[in-house]
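Below you'll find the structure, written out as structure tokens, and then a few comments.
The values are calculated or read from the model by the stated rules, or taken from the named source; none is laboratory data. Predicted model only: the values in this text are computed from it and were never measured. Backbone-built Cβ (ideal geometry, glycine too); neighbour counts: all protein chains shown. With ligands, DNA and RNA removed, areas are computed over all heavy atoms of the protein, side chains included. Shrake-Rupley method; radii C 1.70, N 1.55, O 1.52, S 1.80 Å.
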Number of protein chains: 2
Amino acid sequence: MIIGAIEAGGTKFVCGIGSENGEILDRISFPTQEPEETTARAAAYFADKNIEALGVGSFGPLDLDPQSPTYGHVTTTPKPGWANYDLLGHLKKTLNVPAGFDTDVNAAAFGEARWGAAQGLDSCIYYTVGTGIGVGVYTGGQLVHGLVHPEGGHVLMRRHQDDKFEGACPYHGDCLEGMAAGPAIAKRWGQGGDSLPEDHPAWEMEAHYLAEAITSAILLLSPKKVILGGGVMHQNQLFPLIREKVFRNLNGYVASSVLDDLDSYIVPPGLGDNAGLAGSLALGIQALTDKT
Amino acid sequence: MIIGAIEAGGTKFVCGIGSENGEILDRISFPTQEPEETTARAAAYFADKNIEALGVGSFGPLDLDPQSPTYGHVTTTPKPGWANYDLLGHLKKTLNVPAGFDTDVNAAAFGEARWGAAQGLDSCIYYTVGTGIGVGVYTGGQLVHGLVHPEGGHVLMRRHQDDKFEGACPYHGDCLEGMAAGPAIAKRWGQGGDSLPEDHPAWEMEAHYLAEAITSAILLLSPKKVILGGGVMHQNQLFPLIREKVFRNLNGYVASSVLDDLDSYIVPPGLGDNAGLAGSLALGIQALTDKT
Ligand SMILES: Nc1ncnc2c1ncn2[C@@H]1O[C@H](COP(=O)(O)OP(=O)(O)O)[C@@H](O)[C@H]1O
Ligand SMILES: Nc1ncnc2c1ncn2[C@@H]1O[C@H](COP(=O)(O)OP(=O)(O)O)[C@@H](O)[C@H]1O
Ligand SMILES: [Zn+2]
Ligand SMILES: [Zn+2]
């Protein structure tokens, strides 16, 4: 059985095909341009692949309410041409297969729960820390939707005592994304995170903000795994710093032995950079199962 | 059909019976004492009531994992005699009916979703602001469990600019409960919230902390309703203050028209002080449905 998957990012589209056990068999990637052109290119890729279903994990915000007349649309994005674009509708019309649709980060959380670091667990939370910060939430064996979908990259945190940075989020200033995404690091320290040395104070501060957000998420949701991906998390020294701060923040309050050893609780994606595409594949498989 | 319900609080037990449409037909209440004595008293109440199922919403922390050997136990509470007490087991043994079990605040969230302010919605979040702060989370038509269960009363927030109070939580100091539960108000201002005038600066500060936590919860979970109960929320002037601050915090970021008017989004419990007992009733009804 061949399933199609699209990781629809704001800067690039990744299209691929895979099998029902999560194996990615083929993939291509191209820049995200005008929506019509971009979806046409995706559809062309799948045209001769004989896919039985399609999964799409997309940049947002998205309308994920199946009852809504604009279900499957990208909604209020500032990205030229994409606001109110019927992404799912265009793909379904051309490819004519059952299709699953969710945010890129919910898809990644789903992929990790299916085949990655949270395999076999019924809950996990997935953060991507890159140009922005996105959060996918999986709980009770389901991806979380609601009014809209998780926007947990913008939660609020206690400020680091040495931090005078006002924050870079145009909406909130000092929210998580405003304090800890790649551009915030670059703005605060005058150079990008990829060029800062491993022992630079930036990383202790970065770990502080991520640990604040993760602590609150653990307290609110009690996820069985916390998975951290994205470009900034390539700085591996962040993991022990974050674990130590979360441990100190929780201070033994949550009664679970799992939290005694955070080394296997706060982890990188088990699927590495495949989490997003594999998650979209999982959405496609689910769409097929829901159909039959 | 008669269903039994217990709202098992740290200071008092409320036992009642109700019908499948949420109507409470009878109730009693007595102080929470030694566990054996307390459960015996509850069992005695139900003995002649002919209940077909029982729902229990309890103070915690609790073991809610049906696969666990200690499922249904109160776990690490400092309350004398109650640590590791098999609350559900004792009740089931005596009453011998299908029984549902969850935290008091998850029960309240469930009751509100079934018959209260979130009726007909598949998600809501319920805060009780009293001696402590508890949070119940309902999403995708399910109560949230995970490693343990939500402990969202202890999330972290940005500090109020005028606040020098170190916080009253023995675990975290300045977490939500440490800054905004009844005892924190009393400690910060030298007198209990119930005796502070309506225009006292305490309320703007109280609203600040609740708004911080609610903002982050909306961003992480996108609930369709936010419900605030408990003794402190009897200060009705808090509602407009909290709504205004949440509105300012979100700053238009979340793309949902529901958030244009927070008057009908951040609300008191539709069931008033019955939320907890009605929620336990709902847990009992669900246990019966799951059984058949
Ligand atoms: N090795 C690295 N160390 C620190 N920051 C990095 C590293 N690699 C990428 N980044 C930062 O991450 C951001 C890009 O994130 P990435 O996850 O790669 O893509 P995107 O979020 O755009 O999909 C940039 O701000 C970049 O500076
Ligand atoms: N009307 C009120 N205004 C302000 N605070 C109140 C009010 N009523 C109760 N409180 C505070 O709420 C706390 C008790 O909360 P309550 O929800 O009644 O019970 P509990 O949380 O113990 O179940 C106490 O700290 C008390 O000071
Ligand atoms: Zn923001
Ligand atoms: Zn605390």
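See the values below:
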| quantity | calculated |
| --- | --- |
| Pairs with Cβ under 8 Å, 6+ apart, first in the range B:190-203 and closer than 13 Å to B:Gln237 by Cα and of a type outside the set (A, V, I, L, M, F, W, C), second more than 10 Å from ligand 2 (Cβ to nearest atom) and not in a loop (DSSP other than H, G, I, E, B) | B:His200/B:Trp189 |
| Some residue of the range A:97-118 being more than 10 Å from every other protein chain (Cβ to nearest Cβ), polar (S, T, N, Q), assigned to a loop (DSSP other than H, G, I, E, B) and away from ligand 3 (no atom under 16 Å from the Cβ) | no |
| Residues satisfying the stated conditions in the range A:1-25, i.e. within 30 Å of A:Pro80 (Cβ to Cβ) and surrounded by fewer than 19 Cβ atoms within 10 Å (Cβ to Cβ) | A:Gly9, A:Gly10, A:Thr11, A:Lys12 |
| Number of positions in the range B:72-89 that are more than 21 Å from B:Pro170 (Cα to Cα), assigned to a loop (DSSP other than H, G, I, E, B) and open to solvent by less than 20 Å² (accessible area, probe 1.4 Å) | 1 |
| Within the range B:211-251, tally of residues that are buried (at least 18 other Cβ atoms within 10 Å of the Cβ), of a type outside the set (Lys, Arg), within 14 Å of another protein chain (Cβ to nearest Cβ) and more than 21 Å from the chain's Cα centre (by Cα) | 3 |
| Residue in the range B:188-211 that is more than 30 Å from A:Pro61 (Cα to Cα) and in contact with a strand residue (DSSP E or B) (Cβ under 6 Å, 6 or more places away or on another chain) present | no |
| Residue satisfying all of: in the range A:181-210; within 10 Å of ligand 1 (Cβ to nearest atom) and of a type in the set (Gly, Ala, Ser); surrounded by the most Cβ atoms within 10 Å (Cβ to Cβ) among these | A:Ala181 |
| Of residues in the range A:62-71 being open to solvent by 20 Å² or more (accessible area, probe 1.4 Å) and of a type outside the set (Asp, Glu), the one nearest to A:Gly134 (Cα to Cα) | A:Tyr71 |
| Top-ranked residue of the range A:264-278 - restricted to ones that are open to solvent by 20 Å² or more (accessible area, probe 1.4 Å) and in a helix (DSSP H, G or I), ranked as nearest to the other protein chains (Cβ to nearest Cβ) | A:Ser264 |
| Condition broken by B:His208, with the remaining ones in (1) assigned to a loop (DSSP other than H, G, I, E, B); (2) within 13 Å of chain A (Cβ to nearest Cβ); (3) more than 16 Å from A:Leu219 (Cα to Cα); (4) in contact (Cβ under 8 Å) with a residue 12 or more places away in the chain satisfied | (1) |
| Test: residue in the range B:118-130 that is more than 13 Å from the chain's Cα centre (by Cα), within 22 Å of A:Arg158 (Cα to Cα) and open to solvent by less than 10 Å² (accessible area, probe 1.4 Å) | no |
| Some residue of the range A:254-263 being surrounded by 22 or more Cβ atoms within 10 Å (Cβ to Cβ) and either within 14 Å of chain B (Cβ to nearest Cβ) or in a helix (DSSP H, G or I) (or both) | no |
| Filter result (more than 7 Å from every other protein chain (Cβ to nearest Cβ), within 16 Å of ligand 3 (Cβ to nearest atom) and closer than 26 Å to A:Asp65 by Cα) within the range A:136-181 | A:Gly153, A:Glu177 |
| Count of residues meeting criterion [open to solvent by 30 Å² or more (accessible area, probe 1.4 Å) and within 16 Å of ligand 4 (Cβ to nearest atom)] in the range A:146-180 | 1 |
| Among (1) closer than 24 Å to B:His149 by Cα; (2) over 21 Å from the mean Cα position of the chain (by Cα); (3) in contact (Cβ under 8 Å) with a residue 12 or more places away in the chain, the one test that B:Thr76 misses | (2) |
| The range A:119-135 - residue that is of a type in the set (S, T, N, Q) and more than 7 Å from chain B (Cβ to nearest Cβ) and, of those, farthest from B:His208 (Cα to Cα) | A:Gln119 |
